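> One structure is given below, represented as structure tokens, and several questions about it will come after.
The values are calculated or read from the model by the stated rules, or taken from the named source; none is laboratory data. From a predicted model like this one, the values you see are computed outputs, not experimental measurements. Quick reminder, even Gly has a Cβ in these numbers, built from the backbone with ideal geometry, and neighbours come from all protein chains shown.
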Amino acid sequence: MSIRLGDIAPDFRATTSIGEIDFYEYLGDSWGVLFSHPADYTPVCTTELGRTAALKDEFAKRNVKVLALSVDSAESHKGWISDINETQNTSVEFPIIADPDRTVATLYDMIHPNASETLTVRSLFVISPDKKVKLIITYPASTGRNFNEVLRVIDSLQLTANYSVATPADWTDGEDVIVVNSIKTEDIPAKFPKGHQVIKPYLRTTPQPNK
Ligand code: BEZ
């Protein structure tokens, strides 16, 4: 099954490195990041999971719960976590889903047979508290993801969920944002009292409204 932006993220039960979980129960009212990696005890994946653990406070600040997944067993995950903690100088506390029968991988279309018949690619889903899929990124096994970019997109998703704005290329938290085109230029001052600039009738910017 393929999943697209705006779809409801499928719920599931799974065995993980921290025990059995129900996905929706685990997420509760938080945002979620569900991401797959190809295999335990592999170098790029070791750095990715270490980096995710190191960013624990950044995810918590944004009210985001993280889950990883691969087609390895929970026992394998537990052994590998020790290596991640040792080599990446961190503490992996988020669950890693054990999906040896590929139930969740199939539900989330994480196996791309022309890349690998058996292993999950580097899929990543950001899920909002109403359980909608807000971001999908897919990287090949050879390229580790940029988790600063994941946090940057979450900042944009959380901002644009609450204000009639969009974020420009390379935007980071605190920079000016774009007023969406459904807001008439004459209505901007009432909605965005910090000021605005009209660069073109279709390109209006304002300071980030929640800063
Ligand atoms: C890695 O994490 O280094 C990796 C995993 C599977 C294939 C290639 C690289």
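> Looking at D57, is it of a type in the set (D, E, K, R) and touching a residue at least 12 places away in the same chain (Cβ under 8 Å)?
On the way: of a type in the set (D, E, K, R): yes; touching a residue at least 12 places away in the same chain (Cβ under 8 Å): no.
Here the answer is no, as D57 does not meet what is asked.
> Condition (residue is at pLDDT 95 or above, surrounded by 15 or more Cβ atoms within 10 Å (Cβ to Cβ) and outside any helix (DSSP H, G or I)) applied to the range 44-59: is it met by at least one residue?
So the first thing to find is which residues in the range 44-59 are at pLDDT 95 or above, and the list is 44-59.
Pick out the ones that are also surrounded by 15 or more Cβ atoms within 10 Å (Cβ to Cβ) and you get 44-56, 58-59.
Pick out the ones that are also outside any helix (DSSP H, G or I) and you get 55.
Scanning the range 44-59, I find at least one residue that is at pLDDT 95 or above, surrounded by 15 or more Cβ atoms within 10 Å (Cβ to Cβ) and outside any helix (DSSP H, G or I), so the answer is yes.
> Looking for whichever is more than 27 Å from D11 (Cα to Cα) and surrounded by 15 or more Cβ atoms within 10 Å (Cβ to Cβ) here; the options are I183, I111, I154, I127. Which one fits? Don't jump to the end; show me each part of the working.
Values: I111 fails: more than 27 Å from D11 (Cα to Cα); I154 fails: more than 27 Å from D11 (Cα to Cα); I127 fails: more than 27 Å from D11 (Cα to Cα).
One residue alone meets the criteria, I183.
> A further question on this structure: What are the residues in the range 140-198 that are of a type in the set (D, E, K, R) and outside any helix (DSSP H, G or I), if any?
To start, the set of residues in the range 140-198 that are of a type in the set (D, E, K, R) comprises 145, 149, 152, 155, 170, 173, 175-176, 184, 186-187, 191, 194.
Listed by number, the residues that qualify are R145, D170, D173, E175, D176, K184, K194.
> Just checking, does the range 53-66 include any residue being within 13 Å of the ligand (Cβ to nearest atom) and within 17 Å of the chain's Cα centre (by Cα)? Break it down stepwise before answering.
Start the filter on the range 53-66 by keeping residues that are within 13 Å of the ligand (Cβ to nearest atom), which leaves none.
Checked the range 53-66: no residue is within 13 Å of the ligand (Cβ to nearest atom) and within 17 Å of the chain's Cα centre (by Cα).
> For the subset of the range 1-25 comprising residues that are part of a helix (DSSP H, G or I) and surrounded by fewer than 17 Cβ atoms within 10 Å (Cβ to Cβ), which member is farthest from the chain's Cα centre (by Cα)?
Keep residues of the range 1-25 that are part of a helix (DSSP H, G or I), which gives 23-25.
With surrounded by fewer than 17 Cβ atoms within 10 Å (Cβ to Cβ) added as a condition, the list becomes 24-25.
Numbers: Y24: 15, E25: 18 Å.
So the residue we want is E25.
> Right, here's the next one. Pick out the one residue from V121, V150 that is at pLDDT 95 or above and away from the ligand (no atom under 16 Å from the Cβ).
Working: V121 fails: away from the ligand (no atom under 16 Å from the Cβ).
Checking each option against the conditions leaves just V150.
> Quick one: would you say P168 is within 16 Å of the ligand (Cβ to nearest atom), at negative phi and free of Cβ contacts under 8 Å to residues at least 40 places away in the same chain? Break it down into steps so the answer makes sense when it comes.
On the way: within 16 Å of the ligand (Cβ to nearest atom): no; at negative phi: yes; free of Cβ contacts under 8 Å to residues at least 40 places away in the same chain: yes.
In short, no.
> Here's a follow-up. Need pairs with beta-carbon distance below 6 Å; first residue touching a residue at least 40 places away in the same chain (Cβ under 8 Å) and within the range 116-142, second among the basic types (K, R) and in a strand (DSSP E or B); sequence gap 6+ or separate chains.
V126/K134; S128/K134
> Would the range 83-105 turn up any residue that is over 17 Å from F147 (Cα atoms) and among the aromatic types (F, W, Y)?
There is no residue in the range 83-105 that is over 17 Å from F147 (Cα atoms) and among the aromatic types (F, W, Y).
> Among the residues that make up the range 90-102, is at least one of them in a helix (DSSP H, G or I) and over 19 Å from L135 (Cβ atoms)? Let's see the steps before the verdict.
Residues of the range 90-102 that are in a helix (DSSP H, G or I), as a first pass: none.
No.
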